[in-house]
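The values are calculated or read from the model by the stated rules, or taken from the named source; none is laboratory data. These numbers were taken from a predicted model, which means no experiment stands behind them. FYI the Cβ positions are ideal-geometry reconstructions off the backbone, even for glycines, and counts take in every protein chain you see. Just the protein is used for accessible areas: all its heavy atoms, side chains included, with ligands, DNA and RNA removed. Shrake-Rupley method; radii C 1.70, N 1.55, O 1.52, S 1.80 Å.
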Amino acid sequence: MTTRLMTADPESLALAADLLKSGNLVGFPTETVYGLGANALDAEAVLSIFAAKGRPADNPLIVHIYDQAQLSPLCDIPDRAPVLMNAFWPGPLTLLFPRKPAIPDQVTAGLPTVAIRMPSHPVAAAMLKACDLPVAAPSANRSGRPSPTTAQHVLQDMNGRIPLILDGGPCEVGLESTVVDLCHGRPVILRPGGITKEMLEKALGEEVSVAGSVLRPLEPGEKALSPGMRYKHYAPAGTVTLVEGEEEKVVALLKELCLKDIAEGRKSCVLCFSEHVPFLSDCCPHDMGFSKDYSEIAHRLFDILRRLDQEGMETIYSEVIPPEGVGLAVMNRLGRASAFRTIRV
Ligand code: TXA
Ligand code: MG
């Protein structure tokens with residue numbers, strides 16, 4: 001199959017809508033990461049998403065809509081959901097809803113809930129409107145690779161596997177949406193993202209909890225609240241180690257560890273804040289952005305993780321940020337990229 005990479009315009013959007021309506025897959029931009037879309041009501045089209053990604057069938061998908069009026073045939077609406085929909089849709093927030101039978105089992109992996117979000121990216125909104133279908137879409141990476149934040153990333157992973165990628169430029173947020181479960185009592189963040197715990201609590205006027213496995217590995221026998229949390233994710237081929245502690249000691253240790261590996265013949269690098277790049281210039285520094293600019297760090301992270309593999313890095317040492325605001329989402333992804341391997345100084 002030839003994969004066409006097209007700038008989003010009325011012609012390519014009409015083509016995307018035709019492809020979706022006839023059961024095909026389309027790569028498309030959202031404000032979080034690029035998605036790999038199929039008609040959510042067409043079980044066979046949904047199955048082809050799993051094939052294209054190499055994704056385990058027991059990991060459910062997110063359904064994308066452009067209008068709240070699309071919800072009623074798909075799901076029931078829990079009590080607190082309208083508050084969050086009105087506050088954060090369109091935007092990087094996914095909510096779980098009790099599903100109705102119109103949603104095929106292939107979308108939810110047989111779970112009684114369906115995850116739904118309304119993306120704010122104008123190309124995503126235009127495509128959803130043009131096909132007028134609920135579109136099931138995971139991130140458009142091969143399973144286990146970092147999510148794509150540019151159309152080029154999608155092409156790297158999906159060339160020859162899908163007919164069309166719409167190019168809408170780099171994704172603004174750069175990390176996947178926040179996933180929140182409102183169906184089981186107190187609201188729980190299953191996956192942190194651009195809509196933060198603090199923002200959710202302010203809108204709801206109550207405490208929101210965070211699934212335990214967000215900042216640590218699953219314990220043996222522990223059930224993942226969100227099936228996607230079970231899988232090795234975002235991990236480059238090399239070994240990532242996080243270094244945390246007092247700024248000066250962290251930077252000195254990053255340099256020591258990296259230079260030792262290089263001296264012993266390993267390809268090694270550091271992920272560091274912009275202000276530390278000059279000090280670490282002989283450690284192949286990957287600039288994460290300034291330490292206080294969590295949004296910029298989120299925006300750059302997946303592109304950096306993808307480049308580590310292209311460069312054949314064997315050992316990678318990274319700085320960390322506090323798990324506050326968008327920092328929680330950054331540390332969740334970095335934690336899983338490193339299998340939570342951390343040195344404290
Ligand atoms: O930002 C995003 O959410 C992107 C863009 C394309 O919208 N999509 C995305 O999809 O990240 P994906 O498939 O890579 O991640 C979906 C996550 C997985 O961790 C999955 O387990 C969880 O959402 N999920 C989906 N349905 C669920 C359900 N019914 N219950 C619990 N978790 C669910
Ligand atoms: Mg994904």
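Quick notes
- Full extension of the chain between residue 206 and residue 102 gives 34.2 nm of extra length, using 0.36 nm per residue less the Cα-Cα distance.
- In the chain, the calculated helix contribution to ellipticity at 222 nm averages -9000 deg cm²/dmol per residue, counting -39,500 (n - 2.57) for every DSSP H run with n ≥ 4.
- The dipole here belongs to region 227-287: it is taken about the Cα centre, uses +1 on the Cβ of Lys and Arg and -1 on the Cβ of Asp and Glu, and is about 480 debye.
- Debye-sum result for region 59-196 in log10 I(q)/I(0), which assumes one identical scatterer on each alpha carbon, at q = 0.09, 0.10, 0.21 Å⁻¹: -0.26, -0.33, -1.48
- Pair residue 159, residue 339: separation of 7 Å Cα→Cβ label points (nm): 3.1 nm
- Percent accessible area from carbon and sulfur atoms, region 239-344, protein chains only, probe 1.4 Å: 53 percent
- Gyration tensor verdict on region 130-222 (Cα atoms; rounded if a/c is under 1.5, prolate if a/b is larger than b/c, oblate otherwise): prolate
- When the chain is treated as a Gaussian network with alpha carbon springs shorter than 10 Å, the biggest mean-square fluctuation among 318, 268, 22 belongs to 22.
- Residue-count net charge about residue 168 - beta-carbon cut-off 12 Å; Lys, Arg +1, Asp, Glu -1: -4
- Share, in percent, of DSSP beta bridges within the chain that are antiparallel, nearest 5: 35 percent
- Only the Cβ atoms of Lys and Arg (+1) and of Asp and Glu (-1) were treated as charged; on that basis the dipole of region 21-98 about its Cα centre amounts to roughly 180 debye.
- Solvent-accessible surface (1.4 Å probe) assigned to residue 131 amounts to roughly 10 Å².
- In plain terms, the bigger the Kirkwood radius, the slower the diffusion; for region 239-344, with that radius from Cα pairs, at 10 °C and 1.306 mPa s, Stokes-Einstein puts D at 117 µm²/s.
- Cysteines without a disulfide-compatible partner [the chain; Cβ-Cβ under 4.7 Å]: 75, 131, 171, 183, 272
- Ligands, DNA and RNA are left out, and with a 1.4 angstrom probe the accessible area of the chain is 41 Å² per residue.
- Charging the Cβ of each Asp and Glu at -1 and of each Lys and Arg at +1, and nothing else, the dipole of the chain about its Cα centre rounds to 800 debye.
- Computing Rg and the Kirkwood Rh from the Cα coordinates of region 87-166 gives a ratio, Rg/Rh, of 0.98.
- Heavy-atom accessible area ranking, 1.4 Å probe, most first, across 30, 342: 342, 30
- Each residue was assigned an accessible area with a 1.4 Å probe, and for residue 288 the value is about 10 Å².
- Translational diffusion coefficient (Stokes-Einstein; Kirkwood radius from C-alpha pairs) of the chain at 10 °C, 1.306 mPa s, in µm²/s: 77 µm²/s
- Taking 148, 90, 73 in turn, the Gaussian network model of the chain (Cα-Cα springs below 10 Å) assigns the largest fluctuation to 73.
- Fully extending the segment from residue 14 to residue 79 would add 19.7 nm, taking 0.36 nm per residue of separation and subtracting the current Cα-Cα distance.
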